[in-house]
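The values are calculated or read from the model by the stated rules, or taken from the named source; none is laboratory data. The model shown is predicted, which means the values in this text are computed figures rather than measured ones. FYI the Cβ positions are ideal-geometry reconstructions off the backbone, even for glycines, and counts take in every protein chain you see.
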């Protein structure tokens, strides 16, 4: 992805990709605690994992109290890479218009109040080489979800037909925590299936045939760069208790320094040479590292 950004002259993204490559490269251990720095980029799996846990801790106490939460997915017809940036800008604008209109109706006593958590995601179809930006919503009940779906289809089908019934999905949430994790886990999938027929037959955990499309991932992250992926609508999160800021960490003379070595897949002490985690690679990461990366334009 860094190669692609640099070839396109997108040096800001190139720098940020390198920041992710070096994310947590250096560790400092002192008195049983460990210190490092993070890149905080959306495509960094570690930073996304931390962000996912933070979002889950924020929203779960609220959503777990909803009586009948539903999961709603709203999407449109897929677009090409050249159209993706404009389409994502458009879906963000349209949703904002819908939420604003529903809010005004509610204030006039002519409609229900919209409460939900929304996330923006984009999939890549490797067969057709198209992109499908879409929203996931967690709503407190079925009525709110249907209301949003109706407004979505009405708004997008005003001039030309763009939102059909097949692209919209609604189901009751049985396990709040599990479905929240599904909603907030990524903005784009790292692995895509080049064969849509195989995808329908694929069992959970089966990665055979899945491929990494670097140009497609770069296209998605570039188009989504200026947009918030997660947000609450109709309610505010409880205010955090203010805590005094800690002083910046300064390595003490008796602290230990660790440097990450990619070939050994571990942090190595710069003084003793010992391994930090003694990590053993799992099947998922092993598959990703051995997967042939498609760099072609998508």
Note on residue 191: of the conditions (1) more than 27 Å from residue 82 (Cα to Cα); (2) at pLDDT below 90, unmet is (1)
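Of the residues 56, 76, 115, 95, which is at pLDDT 95 or above and touching a helix residue (DSSP H, G or I) at 6+ places or on another chain (Cβ under 9 Å)?
Details: 56 fails: at pLDDT 95 or above; 76 fails: at pLDDT 95 or above; 115 fails: at pLDDT 95 or above.
Criteria check complete, one pass: 95.
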If the Cβ limit is 8 Å and pairs must be 6+ apart or interchain, which residue in segment 232-246 that is more than 30 Å from residue 99 (Cβ to Cβ) pairs with which residue that is part of a strand (DSSP E or B) and modelled with pLDDT under 85?
-> none
Out of 45, 36, sole residue that is in contact with a strand residue (DSSP E or B) (Cβ under 6 Å, 6 or more places away or on another chain), surrounded by fewer than 18 Cβ atoms within 10 Å (Cβ to Cβ) and either at pLDDT 90 or above or within 24 Å of residue 179 (Cα to Cα) (or both) = 36
Take segment 1-44 and flag every residue that is touching a residue at least 40 places away in the same chain (Cβ under 8 Å) and either under 22 Å from residue 191 (Cα atoms) or touching a helix residue (DSSP H, G or I) at 6+ places or on another chain (Cβ under 9 Å) (or both).
-> 1, 3, 4, 5, 10, 13, 24, 42, 43
Filter segment 137-157 down to residues that are surrounded by 22 or more Cβ atoms within 10 Å (Cβ to Cβ) and either in contact with a helix residue (DSSP H, G or I) (Cβ under 6 Å, 6 or more places away or on another chain) or assigned to a strand (DSSP E or B) (or both), then give me how many there are.
-> 3
When (1) surrounded by 13 or more Cβ atoms within 10 Å (Cβ to Cβ); (2) more than 18 Å from residue 136 (Cα to Cα) are applied to residue 114, the one that fails is (2)
Where residues in segment 55-75 are under 19 Å from the mean Cα position of the chain (by Cα) and either under 17 Å from residue 163 (Cβ atoms) or free of Cβ contacts under 8 Å to residues at least 24 places away in the same chain (or both), which of them is surrounded by the fewest Cβ atoms within 10 Å (Cβ to Cβ)?
-> 57
In segment 266-283, residue modelled with the highest pLDDT [restricted to those that are in contact with a strand residue (DSSP E or B) (Cβ under 9 Å, 6 or more places away or on another chain) and under 30 Å from residue 189 (Cα atoms)] = 267
